[in-house]
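The next block holds one structure in the form of structure tokens; read it before the comments.
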Amino acid sequence: MTPIPSEPAAITLAMCCDHAGYELKNKIKALLGEKGYKVRDFGTHSEDSCDYPDFAHPCAAAVERGECAAAIAMCGTGNGIAITLNKHQGIRAALCWAPEIARLAREHNDANVLVLPARFIDPEVAVTVVETYLATAFEGGRHERRIAKIPV
Ligand code: RB5
């Protein structure tokens with residue numbers, strides 16, 4: 001799988017959301033496109049009420065299979081979609097509401113999904129969270145050992 005950070009053109013990012021995250025997903029999707037990333041959008045595709053697992057599971061599976069280097073996901077709080085994504089063995093989804101948390105989610109947790117709390121984050125802050133997430137590498141070392149102990 002292509003590591004992040006990497007040249008945007010080399011990376012396909014997955015996205016998923018529910019109705020509460022739809023508007024923010026579109027904003028972040030446009031940003032990623034401007035930066036040159038390829039985006040695979042697993043939905044939802046409108047503000048109609050829906051169930052986040054319907055979009056989270058296929059999104060997680062694409063990351064697990066290595067088709068997408070990472071994913072960016074959002075629902076109202078971020079919790080429902082993060083809980084769902086983290087049911088997948090190959091997924092480390094981190095709920096981030098500030099750039100510093102996103103930085104540590106990459107450096108320490110090698111998070112392969114960034115989750116945003118769409119109803120509880122300023123959209124401009126969300127942009128800086130995404131930018132930080134995509135610009136930060138995994139530190140490895142002692143964190144590699146800890147991550148290896150996560151799967152049950
Ligand atoms: C939708 O109303 C809301 O429950 C959902 O977006 C999310 O916050 C669930 O965890």
- [ ] With an 8 Å cut-off on Cα pairs and a minimum separation of 6 or more residues, tell me the relative contact order of the chain in percent.
- [x] 24
Task: Free-standing Cys, the chain [no other Cys Cβ under 4.7 Å] - done: CYS17, CYS50, CYS68, CYS75, CYS96
Task: Relative contact order (%) - the range 37-96, alpha-carbon pairs under 8 angstrom, separation at least six - done: 29
- [ ] Any chance you could give the angle, 0 to 90 degrees and rounded to 10, that helix 123-135 forms with the longest Cα principal axis of the chain?
- [x] 30
TODO: Could you work out how far the C-alpha centroid of the range 7-67 sits from that of the range 123-152, in angstrom?
DONE: 18
Task: Environment charge of PRO123, counting only residues whose C-beta is closer than 14 Å and scoring Lys/Arg +1, Asp/Glu -1 - done: 0
- [ ] Past 26 Å, Cα to Cα, is the threshold; run LYS87/LYS149; LYS35/LYS149; LYS29/LYS87 against it and keep the listed order.
- [x] LYS35/LYS149
Open item on the list: Net charge around HIS88, counting only other residues with Cβ within less than 12 Å of its Cβ (Lys, Arg = +1; Asp, Glu = -1)?
Closed with: +2
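No value in this document is a laboratory result; all are computed from the given coordinates. Given the structure is predicted, the values throughout are model-derived calculations rather than measurements. Note that each Cβ is placed from the backbone with ideal geometry, even for glycine, and that neighbours are counted across all protein chains shown.
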